[in-house]
Number of protein chains: 8
Amino acid sequence: MKKIQVSIIMGSDSDLPVMSEAAKVLEEFNVAYEVTIVSAHRTPERMVEFAQAAAGRGVKVIVAGAGGAAHLPGMVAALTTLPVIGVPVQSRTMSGLDSLYSIVQMPPGVPVATMAINGARNAGLMAVKMLAIEDKKLSRSLDTFMKNLAKEVLSKVEKLEKQGFEKYQQGMPKK
Amino acid sequence: MKKIQVSIIMGSDSDLPVMSEAAKVLEEFNVAYEVTIVSAHRTPERMVEFAQAAAGRGVKVIVAGAGGAAHLPGMVAALTTLPVIGVPVQSRTMSGLDSLYSIVQMPPGVPVATMAINGARNAGLMAVKMLAIEDKKLSRSLDTFMKNLAKEVLSKVEKLEKQGFEKYQQGMPKK
Amino acid sequence: MKKIQVSIIMGSDSDLPVMSEAAKVLEEFNVAYEVTIVSAHRTPERMVEFAQAAAGRGVKVIVAGAGGAAHLPGMVAALTTLPVIGVPVQSRTMSGLDSLYSIVQMPPGVPVATMAINGARNAGLMAVKMLAIEDKKLSRSLDTFMKNLAKEVLSKVEKLEKQGFEKYQQGMPKK
Amino acid sequence: MKKIQVSIIMGSDSDLPVMSEAAKVLEEFNVAYEVTIVSAHRTPERMVEFAQAAAGRGVKVIVAGAGGAAHLPGMVAALTTLPVIGVPVQSRTMSGLDSLYSIVQMPPGVPVATMAINGARNAGLMAVKMLAIEDKKLSRSLDTFMKNLAKEVLSKVEKLEKQGFEKYQQGMPKK
Amino acid sequence: MKKIQVSIIMGSDSDLPVMSEAAKVLEEFNVAYEVTIVSAHRTPERMVEFAQAAAGRGVKVIVAGAGGAAHLPGMVAALTTLPVIGVPVQSRTMSGLDSLYSIVQMPPGVPVATMAINGARNAGLMAVKMLAIEDKKLSRSLDTFMKNLAKEVLSKVEKLEKQGFEKYQQGMPKK
Amino acid sequence: MKKIQVSIIMGSDSDLPVMSEAAKVLEEFNVAYEVTIVSAHRTPERMVEFAQAAAGRGVKVIVAGAGGAAHLPGMVAALTTLPVIGVPVQSRTMSGLDSLYSIVQMPPGVPVATMAINGARNAGLMAVKMLAIEDKKLSRSLDTFMKNLAKEVLSKVEKLEKQGFEKYQQGMPKK
Amino acid sequence: MKKIQVSIIMGSDSDLPVMSEAAKVLEEFNVAYEVTIVSAHRTPERMVEFAQAAAGRGVKVIVAGAGGAAHLPGMVAALTTLPVIGVPVQSRTMSGLDSLYSIVQMPPGVPVATMAINGARNAGLMAVKMLAIEDKKLSRSLDTFMKNLAKEVLSKVEKLEKQGFEKYQQGMPKK
Amino acid sequence: MKKIQVSIIMGSDSDLPVMSEAAKVLEEFNVAYEVTIVSAHRTPERMVEFAQAAAGRGVKVIVAGAGGAAHLPGMVAALTTLPVIGVPVQSRTMSGLDSLYSIVQMPPGVPVATMAINGARNAGLMAVKMLAIEDKKLSRSLDTFMKNLAKEVLSKVEKLEKQGFEKYQQGMPKK
């Protein structure tokens, strides 16, 4: 069993449908991760222990998602020297602006690497990018990943030009 | 020496010009208080200890001010059964909207009694109101306080009607 | 019959689905409450009488919810020495930002303890916290309540770690 | 002495530099007015009496300015059948957005005719427009007023075209 | 046939479901009105003619609703001495904030009496309030109207207190 | 086959349902166009080549739509002397405010002609307006187009006045 | 004397310090322009005449700046087939958000090419870009202009690398 | 000479007073860095070359600051596998909200680690945290750094408690 490198935590299990995207991308890159719930407000002591123990357990990057008054990423960042990546989860009453501001507006000394609202997939990718700094193989995988992003677009370009935009649009899945 | 009933804490000494208003109003009501700095992000362990010890020390209400990603009030509320009153301090880059949203949008289970941006005077008053629930004398002082608010306005009304608004306006201090 | 300690009022019966959460949490704590409609704009005289009579009736805390130009909490606070807890109810056209700003931005002298948008459950809890200042039994109940919050999270943590996040997510109720 | 037709009220004397513009424009139109302070939050009883007595005193239109949680215009509108014109006064911490939303987002049944932030001059003009509905002379004065607005612009157009924009700009007062 | 006193105009027929509320309340007060479409952007010449002719046709108040870059109320106000009441219609992409700002932020000299987003019913009521300034009968109708608002609330209060909030809530129509 | 004059590009095929409106209006004006996908973030090299080659291929105007951190219109504008029209596509988490600000707030030297959120039809029309500067025939078509806009409104006016607003409203398609 | 190709208009002479930047850039490109004041709200008839006559006078592009409820660009766009470039001028109470939304959120059929808040220099450049569509010389000037933008940056890069950032920063003009 | 590990780039030299904070913190940690200007909009080709060459030059982390339509961080992230840290620089007309949204709202596949508005010091720290993942010495320095943050606060706590808040406040530097 591989040693866990990235710890994905979230404030509530209701954040899981968003945050599981971080896990999925780490799997694509074959990076070992764990997924758990750490509530800053309902389990503050667990949060302190978790954050303080992470580096000692060999964790290298923490991805933390939370919504509303989203204190988890910033508090964890205050309790570890590990880089913390924050994901503002879209909230019901403020569409995630509250989550975004609570996570990104950290004071000097305690940074959180903030992603887009609901940007958990990018959080996973940013974790990979951090790990790839000293991991040539991972760096090459990122290179391939980015080339595949381009290829995917180019195949859509081809299809669009072949079919014409009207037919292409008809073939798109309805929201 | 009177036992401290209200603890006024703030995330940074730069919040003091705002937060000292809470202390001043408590003095007006002759309520014993303390003023100190507790940074959620720079002294998280002090914060945990402080919050967990407060009730045991006899503190009855906590007033907490913070700006930006203002996690202090919510985190303290997560660590004590005491009521926490939060003051969003006006931030340099977002005018305090970040502070307000970070403090007010708490999840179910962990409330923070949020005041207006820079509303430290009202935080002190809200603490008095809470203490006055079981303190008849304090309740009467509040009654007098509110009557004085009205009197102050009425004396301005009188002056304004006597002088006329133009003269009154000329006599006002320039901002 | 127990004496009413908390009065839950709202500007319109359309606020009831939100505001009833405050009542439910008070029931969990066995605190006597009343629920009624007091419209600042449609029944201003009833509001004045209600607010002025509340303390005399033995009410100790008022929880007031309103949406849009949400004047009820602030106006009641202007008419009583009791602490008033305000709940901004999510509005149809501004998602509750109008309600939040109307409730929280009170001028010096007249505080309202503002909760999150739709945060009625927390309003009830804040009322309990205020009453618990001089009520040891209630204070212990709060302690238990907070421990149960943690337990609930921890049992989810256990389940998540046992099932894995994918299976856990499949078992979650669809929104 | 002419009978007062327009009552200009404001929540605090600090609103006077803004609100006096309403008085000035009423003077230009020779409409009798009064200027006073009526605080919804610090003198709620005075507010109720004032609003309920206004129509009986012969007042025909009320202009009400307030800032922050600006409840005055809406509460007065709830207490009189007279039309109420609301002026959101620019606040220190939210630039007047709080004032605007608190005044304009009134529920069905209790309208407030809301002006721009700090738009007290327009509040005076709107009062004139209301009075002019059944006052031909006032209506003609409005016609002249609007023609003068145009003339003023046209004389600036002429000057600008004669001087060229560079010279014109140099002659403008510095902010 | 009664002479038209209030002209209800809107920028697009898609505004009709909102704006028809203004017509309905005028009918309740037995005030003669007309309803038509006047697009500032698609029929600017019709708008100019319409606005300039309104006073001559005996119209006393104009109610104008528009969404997005909502120029209709302000432009009509620039072309008539009649009071113009503006209704910001909720837009698809900005929830009506664009409509609100475009209508309310008028420059000195050209006021628009702005209502809440989608506040067409209040626009009709404000028109009635303006007409009632010199119409005792209408003024008495307003008085009755406001008393009925209160009665409606009071009957709900009674029902709520009789049924208890849980049963009352169950009886409410689902959204 | 006519030479392509307008190039319609978008950051993702998910923008197509919005952006196809630009193509449709160009067809109404018989202006030759192309539709393709150019992702600033996933195919940056294609974007550079595309933007740099456009003028040489005879393209005269570029219409670029994008959502979220919408960099495509601004980056293309940085790489060509051709006028670029930007369409902020409504995003899921910020309703398109992020798209709008990312497109419109360009620094001095590199303008993007920004349309309303989802305003692709207007982007097509603005392209026609630019081409019509030196194309009398196209200019006359625009004149007819604007007259037809007015006619359409006028026929609705007629129908509304004939049917009355209630019947008209009943005949409207439900949203 | 060269024939005027670009007409720069603004709602008030107070917009001149912003809008004169459009004139300056047109001078750099040797494009003939005029600068004048056209107030949508204070001179609506002049606006209609001006907009309807512009094309006939040989004007090819209109640049229109306005602040607050900024109706000028959209109304002019409704009255001419010429492309209209809108500049939201920063307002005192809403920082130009009102101006931006009023200008950019135009309905389908009547586009305004919107620039950044206070983006008058870019408005002039966009006018040049439009004129350059059929003007090879102007197109080459644009190419040179863009190369000079790059050169300017590159010379700063060189200076910065030579001096080091600390010395470079010391040499910068204070704000 | 040490090999450059962190490249600090900014869109304009006007961002230097903000961005130099990133350099200063890297110096505190003895991490080799470079500072230069790379404008996405004025030197797009330099940007492409710079971003594509960075990894090959041995750079491990890129810190990119920009304001307004801040495309630099996202575009660089699209052109390299290195982690990019984005700093939204406060803009003149939108206080940096435009910068923040343009940087943080990146689409899936291309993350930018976003800091607070003007949060350049934290950007430098986040770079250190990334480098410390595989650098024990740097990790220990971070540990010391965080302990010093706490010490600094604690010495202020001591001073505040010794002096009392009034004297402490008097001794604070005026803003």
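Relative to the longest principal axis of the Cα atoms of chain D, the long axis of helix D:16-28 lies at roughly 70 degrees. Structure shown: which of A:Lys60/H:Lys60; B:Lys147/E:Lys151; D:Lys60/D:Lys136; D:Lys24/D:Lys174; E:Lys156/F:Lys174 lie over 21 Å apart, alpha-carbon to alpha-carbon? Among A:Lys60/H:Lys60; B:Lys147/E:Lys151; D:Lys60/D:Lys136; D:Lys24/D:Lys174; E:Lys156/F:Lys174, the Cα-Cα distance tops 21 Å for B:Lys147/E:Lys151; D:Lys24/D:Lys174; E:Lys156/F:Lys174. Counting only protein heavy atoms and using a 1.4 Å probe, the accessible area of B:Lys167 comes to about 130 Å².
Largest to smallest in accessible area, the residues B:Arg140, F:Arg46 fall in the order B:Arg140, F:Arg46 (1.4 Å probe, all protein chains included). Chain D has one residue whose beta-carbon comes closest to the axis relating it to chain F; that residue and its distance in whole Å are D:Leu97, 8. For chain D, what value does the Rg/Rh ratio take when both radii are computed over Cα atoms and Rh is the Kirkwood radius, given to two decimals? Answer for chain D: 1.05. Rounded to the nearest 0.05, the FRET efficiency derived from the C-beta distance between B:Lys167 and H:Lys3 at R0 = 51 Å is 0.10. Basic side chains Lys and Arg get +1 at the Cβ, acidic Asp and Glu get -1 at the Cβ, and with that the dipole of the protein assembly as shown about its Cα centre reaches some 0 debye.
Take every pair of alpha-carbon atoms less than 8 Å apart whose residues are at least six positions apart; their mean separation over the length of chain A yields a relative contact order of 20 percent.
Of all DSSP bridge pairs formed entirely within the protein assembly as shown, close to 5 percent run antiparallel.
Counting only alpha carbon atoms, the long axis of helix F:136-163 and the longest principal axis of chain F meet at about 40°.
Positive end of the dipole of chain B (Cβ unit charges, origin at the Cα centre): among B:Met19, B:Ser39, B:Met146, the Cα lying farthest that way belongs to B:Met146. The angle between the Cα long axis of helix C:44-54 and the main principal axis of chain C comes to about 70°, on a 0 to 90 degree scale. Projecting the Cα atoms of H:Leu131, H:Gly74, H:Gln105 onto the charge dipole of chain H (Cβ charges, centred on the Cα centre) puts H:Leu131 farthest toward the positive pole. GNM on chain A, alpha-carbon springs under 10 angstrom: the most fluctuating residue among A:Asn122, A:Asn30, A:Asn148 is A:Asn148. The phi torsions of region C:73-82, fed into the Karplus equation with coefficients 6.51, -1.76 and 1.60 and a -60° offset, translate into couplings of x, x, 5, 5, 4, 6, 10, 8, 8, 5 Hz, rounded to whole numbers, with Gly and Pro shown as x. Dividing the summed -39500 (n - 2.57) terms of all DSSP H runs of n ≥ 4 by the residue count of chain E sets its mean residue ellipticity at 222 nm at -15500 deg cm²/dmol.
Charge dipole of region G:64-175 (Cα centre as origin; +1 on each Lys and Arg Cβ, -1 on each Asp and Glu Cβ, all else neutral): 460 debye, rounded to the nearest 20. Calculated on C-alpha atoms, the gyration radius of the protein assembly as shown divided by its Kirkwood radius gives an Rg/Rh of 0.96.
A 1.4 Å probe over all protein chains sorts A:Ser141, G:Ser7 by accessible area into A:Ser141, G:Ser7, starting with the largest.
Dipole check for region B:1-70: with +1 at the C-beta of Lys and Arg, -1 at the C-beta of Asp and Glu, and the Cα centre as origin, the magnitude is about 240 Debye. What is the distance in Å between the Cα centroid of region H:150-165 and that of region D:128-162? If you average the Cα positions of each part, the centres end up 63 Å apart. Beta bridges from DSSP with both residues in region F:38-175: antiparallel share about 0 percent, rounded to the nearest 5. Once backbone amide H atoms are built at 1.01 Å from N, G:Gly65 has G:Ile9, G:Met10, G:Gly11, G:Val87 as its partners under 5 Å, excluding neighbours fewer than 5 places away on the same chain.
F:Lys137 contributes about 140 Å² of solvent-accessible surface, heavy atoms of the protein only, 1.4 Å probe.
The values are calculated or read from the model by the stated rules, or taken from the named source; none is laboratory data. As the structure is a prediction and not an experimental result, all values here were calculated from the model. Positions of Cβ are backbone-derived with ideal geometry, glycine not excepted, and every protein chain shown enters the neighbour counts. Please note that ligands, DNA and RNA were not included when accessible areas were found on the heavy atoms of the full protein model with its side chains. Shrake-Rupley method; radii C 1.70, N 1.55, O 1.52, S 1.80 Å.
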